[in-house]
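Trainee: Pasting a structure here, questions to come.
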Amino acid sequence: MFLYREEYYELRKQPNEGNNKHREWQEKMEKIRNIAELIIAKQRNGPIGSVKLYFDSNRDSLTTS
């Protein structure tokens, strides 16, 4: 299993404030805030796939959405 949070990576790509790229970045951050994806990449005798989760960084815990 893998845990992926796009928000984590996008935070590090923040453009300078005051231009269109920053505004677009803010809109994207609003869409992906507090979302994690649990990816099941391998499983013997079972399905693979992914599940979207709510991520609360204040609690360091996950719940299904």
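Trainee: Per residue, how much accessible surface does segment 2-63 expose to a 1.4 Å probe? Answer in Å², no decimals.
Mentor: It amounts to 83 Å² per residue over segment 2-63.
Trainee: Of 38, 11, 53, which is the most mobile in a GNM of the chain whose springs link Cα atoms less than 10 angstrom apart?
Mentor: Maximum among the listed residues: 11.
Trainee: If one takes the longest principal axis of the Cα atoms in the chain, at what angle in degrees, from 0 to 90 and to the nearest 10, does the Cα axis of helix 20-32 lie?
Mentor: Tilt relative to the chain: about 30 degrees.
Trainee: Just from the alpha-carbon atoms, what are the Rg and Dmax of the chain in angstroms?
Mentor: Gyration radius and largest Cα-Cα distance of the chain: 14.8, 52 Å.
Trainee: Rounded to the nearest 500, what is the chain's calculated 222 nm mean residue ellipticity when only DSSP H runs of at least 4 contribute -39500 (n - 2.57) each, over all residues?
Mentor: Calculated at 222 nm, the ellipticity per residue is -8500 deg cm²/dmol.
Trainee: Using Cα positions and a limit of under 22 Å, work out the lysines in reach of residue 52, with same-chain residues fewer than 8 apart set aside.
Mentor: 28, 31, 42
Trainee: Got the relative contact order for the chain handy, in percent, Cα pairs under 8 Å and 6 or more residues apart?
Mentor: 30 percent.
Trainee: A further question follows. Got a number for carbon plus sulfur as a percent of segment 2-63's accessible area, 1.4 Å probe?
Mentor: Result for segment 2-63: 47 percent of the exposed heavy-atom area is carbon or sulfur.
Trainee: With a 10 Å cut-off between alpha carbons and a GNM built on the chain, which of 19, 34, 45 moves the most?
Mentor: 45
Trainee: Could you tally the net charge around residue 28, taking each other residue with its Cβ under 14 Å from the Cβ of residue 28, Lys/Arg +1 and Asp/Glu -1?
Mentor: So the surrounding residues net to +1.
Trainee: Rounded to the nearest 20 Debye, what is the dipole magnitude of the chain about its Cα centre when Lys and Arg each give +1 and Asp and Glu each give -1 at the C-beta?
Mentor: 240
Trainee: Extension gain residue 11-residue 43, at 0.36 nm per residue separation less the Cα-Cα distance, in nm?
Mentor: Additional length available on full extension: 8.4 nm.
Trainee: Next up: Rank 12, 44, 23 by mean-square fluctuation in a GNM of the chain with C-alpha springs under 10 angstrom and give only the top-ranked residue.
Mentor: Top of the fluctuation ranking is 44.
The values are calculated or read from the model by the stated rules, or taken from the named source; none is laboratory data. Given the structure is predicted, the values throughout are model-derived calculations rather than measurements. Every residue, glycine among them, receives a Cβ derived from its backbone with ideal geometry; neighbour counts consider all protein chains shown. Remember, those area values only see protein heavy atoms, side chains included, never the ligands or the DNA or RNA. Shrake-Rupley method; radii C 1.70, N 1.55, O 1.52, S 1.80 Å.
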